[in-house]
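Here is the structure we will look at.
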Amino acid sequence: MAEGYCVKCKAKKEIADGVEEVMKNGRKAIKGKCPTCGVVMFKILGGKSTPPPASPEPKPKPPSDKPSAD
Ligand SMILES: [Zn+2]
């Protein structure tokens with residue numbers, strides 16, 4: 001199980017009842033409780049942060065059916 005820092009105990013604790021959650025930004029985190037005092041602990045799992053490429057999507061060109069004008 002994951003370890004987290006309890007702000008109440010001011011110590012590292014093993015997260016109790018830890019559940020893995022995926023945050024909005026796509027990162028994983030463990031959410032659980034301190035086994036000693038029961039305060040909610042949250043540990044963000046380090047690792048790769050792969051933000052979606054912020055490149056503007058190329059707009060599809062409208063079909064240009066050019067009538068052959070002589
Ligand atoms: Zn605690």
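Since every read-out is calculated from the coordinates, none of them should be taken as a lab result. For clarity, every value in this text was computed on a predicted model and none was experimentally measured. Don't worry about glycine lacking a Cβ; one is built from the backbone with ideal geometry, like all the others, and counts go over all protein chains shown.
Each Cα pair under 8 Å and six or more residues apart adds its sequence gap; the mean of these over the residue count of the stretch 3-44 is a relative contact order of 37 percent. Local charge for Glu20 was computed over the other residues whose Cβ lies under 9 Å away, with Lys and Arg +1 and Asp and Glu -1, and equals +1.
Over the chain, what is the mean sequence separation of C-alpha contacts under 8 Å (at least six apart), divided by residue count, expressed as relative contact order in percent?
Details: 100 pairs, mean separation 16.4, N = 70.
Computed value for the chain: 23 percent relative contact order.
Remark: the stretch 14-25, residue by residue, has Karplus-estimated 3J(HN,Hα) of 7, 6, 8, 6, x, 10, 7, 10, 10, 7, 4, 7 Hz, where x stands for each Gly or Pro and the curve is 6.51 cos²θ - 1.76 cosθ + 1.60 at θ = phi - 60°. Count Lys and Arg as plus one, Asp and Glu as minus one, and take only other residues whose Cβ is under 12 Å from that of Lys31; the net charge is then 0.
Dimensions of the stretch 3-44 from C-alpha coordinates, computed as largest minus smallest value along each principal axis and given longest first, are 29, 16, 13 Å. Pair-distance distribution of the chain: all C-alpha pairs, bin width 10 Å, starting at 0; shares per bin in whole percent are 18, 28, 17, 10, 9, 7, 6, 4, 1. Backbone amide hydrogens, once placed in the peptide plane, bring Met41 within less than 5 Å of Gly32, Lys33, Cys34, excluding anything fewer than 5 places away on its chain.
Kindly provide the trypsin sites (Lys or Arg not before Pro) of the stretch 1-41 that DSSP labels as loop, not H, G, I, E or B, and whose Cβ sees at most 12 other Cβ atoms within 10 Å. Don't skip to the answer; put the middle values down first.
Details: sites: Lys8, Lys10, Lys12, Lys13, Lys24, Arg27, Lys28, Lys31, Lys33; in loops: Lys8, Lys10, Lys24, Arg27.
Filter output for the stretch 1-41: Lys10, Lys24.
Net charge near Ala2, counting Lys/Arg +1 and Asp/Glu -1 over other residues with Cβ under 15 Å of its Cβ? Spelling it out: positives minus negatives among the neighbours equals +2.
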